[in-house]
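Okay, structure first, notes after.
The values are calculated or read from the model by the stated rules, or taken from the named source; none is laboratory data. Owing to the predicted nature of the structure, the values given are computational and were not obtained by experimental measurement. Neighbour counts run over all protein chains shown; Cβ positions are idealised from the backbone, glycine included.
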Amino acid sequence: MLIRKSKIYASLATILVIPYVFIVTQVVFLRKIQSDRGDIAGYIANYDRYVEYISYTTRSWIDYITNETIFHYIYFELSQYLADPEFALQVLAGLSSAVLILAVFPRDKSNIVFLILLLHPRVLDLMSSQIRFAVAISMFIVVLMAIQNRMRGLFALPISTIHTFFLAAGLFTAFFDHYLYKRRIIHAYAIALSIALVLVFGAELFLSYIGDRRSELNDGAKSFGLAYLVMTLFTYLTIIHQNKKMVYNVFGFLCIVSGASAIFTAIIDGYAERYVSSFIVFFLAYASQVKIQNTIFVFPVVMLNLLLSLYFWI
């Protein structure tokens, strides 16, 4: 059942923005930049990459999309305007964090407890260092929430010029809106799992060609671990078992695809962490619209996942 918007919850979301943006841009961001590794260092060192890209990407739409030229243009221009590439990156991280909170803040008070997932280390890493993905996913969620018709997936496709993952996400959304909503639930889940398999093996094949930089930066693909895999699978199954019809909501559907992708990637010893953050963000987007069933069972499992994740990654 969809939940109506409430002005009081919008006000609470606005209040939450300030401390969360501070945590993302000052605490986590600065800690990561001091380590002089990862995406942040790469962004700052190559803030003018747009100048190089634009010289040849205009000859091919494929190059234009795969090089995510729009993001590099935004970052370059903002860096020039602020005369500080590092501060420009902090601004983008702060804006995407603020937009995300305003978009996913629950309209039902019983779902507010799940906002604790904003402190999940994978989400903090996403919002503070994976700036392209953070900007893109916040825009993607806003587009899907703002456009309530079967064309929203197509409207979301231009976001792929910021991050190529959203070319697939936009197509998945269009497929969901035109086909999945009228399938039997068992068929809907089978389709979601099939899409996850295609996504995982397609991504692994693509990354084997261009190199898996994020896996290398995070000390290899096997860091997920068997124990964490079991705990993650238990968390996902608990959420889905208690909310079986979430597959009929676009964010629930994308949440299931992301979660299944994380599990499948971990099983084949890939870098599964890349899908964990999208699972959490899409789950929060789902919880902003639909009341989570059996919170008394789901929330303790979510908290256990959060605590073990903090121990595992920090």
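General remarks:
- Filtered by the rule that a residue be under 16 Å from V302 (Cβ atoms), among the aromatic types (F, W, Y) and surrounded by fewer than 20 Cβ atoms within 10 Å (Cβ to Cβ), region 229-279 gives a lone residue, F234.
- Within region 135-182, the set of residues being of a type in the set (A, V, I, L, M, F, W, C), more than 23 Å from F201 (Cα to Cα) and in a helix (DSSP H, G or I) comprises V135, M139, F140, I141, V142, V143, L144, M145, A146, L154, F155, A156.
- Residue within region 281-291 that is at pLDDT 90 or above and more than 25 Å from V99 (Cβ to Cβ) present: no
- Residue within region 49-63 that is modelled with pLDDT of 65 or more and at negative phi present: yes
- Flag for F297 being surrounded by fewer than 16 Cβ atoms within 10 Å (Cβ to Cβ), touching a residue at least 12 places away in the same chain (Cβ under 8 Å), on the phi < 0 side of the Ramachandran plot and of a type outside the set (G, A, S): yes
- Residues satisfying the stated conditions in region 133-152, i.e. buried (at least 22 other Cβ atoms within 10 Å of the Cβ) and over 10 Å from the mean Cα position of the chain (by Cα): L144
- Verdict on F279 being over 20 Å from the mean Cα position of the chain (by Cα), in a helix (DSSP H, G or I) and farther than 20 Å from L205 by Cα: no
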